[in-house]
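The values are calculated or read from the model by the stated rules, or taken from the named source; none is laboratory data. From a predicted model like this one, the values you see are computed outputs, not experimental measurements. Quick reminder, even Gly has a Cβ in these numbers, built from the backbone with ideal geometry, and neighbours come from all protein chains shown. With ligands, DNA and RNA removed, areas are computed over all heavy atoms of the protein, side chains included. Shrake-Rupley method; radii C 1.70, N 1.55, O 1.52, S 1.80 Å.
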Amino acid sequence: MASIALKNVSKSFGGSAVIPGLDLEIERGELIVFVGPSGCGKSTLLRLIAGLEDVTGGELLIDGRDVTRLPPAWRGLSMVFQSYALYPHMSVRDNIAFPLKMAGRDKETIQRKVEDAARVLNLQDYLDRKPRELSGGQRQRVAIGRAIVREPVAFLFDEPLSNLDAALRVNMRMEIAQLHRQLGATMIYVTHDQVEAMTLADRIVVLNAGRVEQVGSPLQLYRKPATLFVAGFIGSPRMNLLGGAEASKYGATTIGIRPENLSLSTTQGTWRGNVSLAEHLGSDTFVYVDVDGIGTITARSAGELNVSPGDALWLTPDETCLHRFDAHGRAINPQDS
Ligand code: ADP
Ligand code: MG
C-alpha cells in the first residue's frame with residue numbers, strides 16, 4: 001500500500017483553472033475522502049491522480065516516486081466509478097477476471113484471485129450471472145472486485161454509491177469501510193455527501209472551487225471548522241450562521257451555533273421566536289424558529305418534542321459551543337484574541 005503526495009498540482013481546462021494549485025499528503029493505508037459541492041473539482045483531482053488527465057503543473061508522487069508523467073497503467077492504481085462500467089455480455093466471473101486476463105496471468109492464478117475477491121465481497125453465488133441479473137449494490141461490488149484483483153497500491157473511488165437507493169448506500173458504505181479494514185489499503189474516496197464523508201473517512205479533505213478548505217478527521221472538522229464554508233458544509237441540519245449585532249457581541253463578523261447546541265424553553269432564553277416548522281423524526285425533533293431581526297434558527301432536540309408551527313419558543317445557545325468567524329470567513333480561535 002502506497003503513500004500519495006500532491007505537490008502544487010494544478011489543472012486548467014482551456015483558460016479556466018479548475019484546480020489552482022494544491023498540496024496534499026496521503027498516508028499509507030489511509031482512507032481519505034474528498035468532499036465538496038458538485039463542480040468543485042473532486043473528479044478532476046482524482047483523474048489527475050489516476051493519470052486519466054494530465055496535470056497543468058506540479059508533481060504527483062506515489063511512495064516518493066515521481067509518477068507525474070507516467071500513463072495510468074503504470075501507476076498501480078485501481079479506479080471505481082459511479083457508473084460501474086461493467087461489460088454487460090460477460091459473467092460476473094469474467095468481469096472480475098478481465099484485468100488479469102489482459103495482464104496475461106495464468107488460469108489458476110486468475111481463478112484463485114477471482115474467488116478470493118468474490119469471497120471478500122460476498123459474490124460467490126453470483127459468479128455465473130450477467131450484470132443485468134444483479135442488483136445495483138451487487139453490480140458495484142463486481143466493479144470493486146475488478147479493482148481488487150489488480151492488487152493496486154491504492155484504490156480510487158469516484159462517487160461509487162450515488163446510483164444506489166438510500167438503504168443500499170448505507171449498507172455499501174459499511175462494506176467499503178470493512179473492505180478498507182480488511183485490505184489495509186490506501187483509498188481515496190470522492191463524494192458530495194458529507195454524511196458519507198463523516199462516516200467513512202480517516203481524514204476528510206473539504207474542497208471548494210478547487211482549493212483545500214480544510215483537512216482533518218471527521219470530528220476535527222465538526223468541532224473546529226476552520227472556515228465558514230466548512231462550518232456550513234459539515235453537519236446536518238446545517239450550523240446556524242448569524243451576522244450583525246449578534247456576532248458583534250462576540251467580537252466576530254459571523255457566529256455559528258449547531259442545532260444541537262441550542263436549548264429550548266417556553267418561558268425564557270436568549271432569542272424568542274415562533275416555530276415555523278417542526279420535523280418529528282422520533283429519534284430527534286428538528287425545530288425551525290423564526291426570530292425577529294435574525295431569521296430562521298434551526299434547533300435539534302433529542303427524542304420527541306411536543307411543538308407545532310406557531311408556538312412561541314425561546315432559544316439559548318451553549319456559549320462554550322459557539323464558533324466565531326472573521327470578515328474573511330476564517331475561524332477566530334480563542335487563543336487568537
Ligand atoms: P466534481 O467532481 O467536484 O463535481 P469536476 O471535477 O467534475 O467536479 O469538475 C470541476 C470543474 O471542471 C467543473 O466546472 C467542470 O465543468 C470542469 N471540467 C471538468 N472536466 C472538464 C473538461 N474535460 N473540460 C472542461 N471543463 C471540465
Ligand atoms: Mg464528480
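Brief remarks on what is shown
- Residue count for region 227-258, restricted to those that are more than 21 Å from Thr199 (Cβ to Cβ) and not β-branched (Val, Ile, Thr): 15.
- Residues located in region 187-226, provided they are assigned to a helix (DSSP H, G or I), within 16 Å of ligand 1 (Cβ to nearest atom) and either farther than 25 Å from Ala147 by Cβ or of a type in the set (D, E, K, R) (or both): Glu196
Here is a yes/no grid of residues against (1) surrounded by fewer than 20 Cβ atoms within 10 Å (Cβ to Cβ); (2) within 26 Å of the chain's Cα centre (by Cα); (3) within 16 Å of ligand 2 (Cβ to nearest atom):
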| site | (1), (2), (3) |
| --- | --- |
| Thr44 | yes, yes, yes |
| Leu48 | no, yes, yes |
| Thr56 | yes, yes, no |
| Arg65 | yes, no, no |
| Leu70 | yes, no, no |
| Phe81 | yes, yes, yes |
| Pro88 | yes, no, no |
| Asn95 | no, no, no |
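A quick yes/no check of all residues on (1) over 30 Å from His328 (Cβ atoms); (2) away from ligand 2 (no atom under 16 Å from the Cβ):
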residue: Phe155; (1), (2): yes, yes
residue: Val190; (1), (2): no, no
residue: Ala197; (1), (2): no, no
residue: Arg203; (1), (2): no, yes
residue: Arg223; (1), (2): no, yes
residue: Leu241; (1), (2): no, yes
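- Residue within region 185-208 that is open to solvent by less than 10 Å² (accessible area, probe 1.4 Å), without any contact (Cβ under 8 Å) to a residue 40 or more places away in the chain and in contact with a helix residue (DSSP H, G or I) (Cβ under 7 Å, 6 or more places away or on another chain) present: no
- So Leu305, is it without any contact (Cβ under 8 Å) to a residue 24 or more places away in the chain and of a type in the set (A, V, I, L, M, F, W, C): no
- Some residue of region 5-25 being closer than 18 Å to Met198 by Cα, open to solvent by 10 Å² or more (accessible area, probe 1.4 Å) and away from ligand 1 (no atom under 11 Å from the Cβ): no
- Hits in region 291-310 - residues which are more than 25 Å from the chain's Cα centre (by Cα) and surrounded by 15 or more Cβ atoms within 10 Å (Cβ to Cβ): Val291, Ile294, Ile297, Ser301, Leu305, Val307
- Contacts under 6 angstrom Cβ, first residue in region 212-238 being surrounded by 15 or more Cβ atoms within 10 Å (Cβ to Cβ) and at pLDDT 95 or above, partner aromatic (Phe, Trp, Tyr) and in a helix (DSSP H, G or I), 6 or more apart: Glu213/Phe229; Ile234/Tyr222
Residue-wise test of (1) within 24 Å of Gln194 (Cβ to Cβ); (2) among the hydroxyl-bearing types (Ser, Thr, Tyr); (3) at pLDDT below 95; (4) within 16 Å of ligand 1 (Cβ to nearest atom).
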| site | (1), (2), (3), (4) |
| --- | --- |
| Met1 | no, no, yes, no |
| Gly29 | yes, no, no, no |
| Val35 | yes, no, no, yes |
| Glu59 | no, no, no, no |
| Gly76 | no, no, yes, no |
| Phe81 | yes, no, yes, yes |
| Ala85 | no, no, yes, no |
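- Every pair of residues 6+ apart whose Cβ atoms lie under 9 Å, when the first sits in region 243-257 and is without any contact (Cβ under 8 Å) to a residue 60 or more places away in the chain while the second is surrounded by fewer than 17 Cβ atoms within 10 Å (Cβ to Cβ): Gly244/Gly293; Ala245/Gly293; Glu246/Gly293
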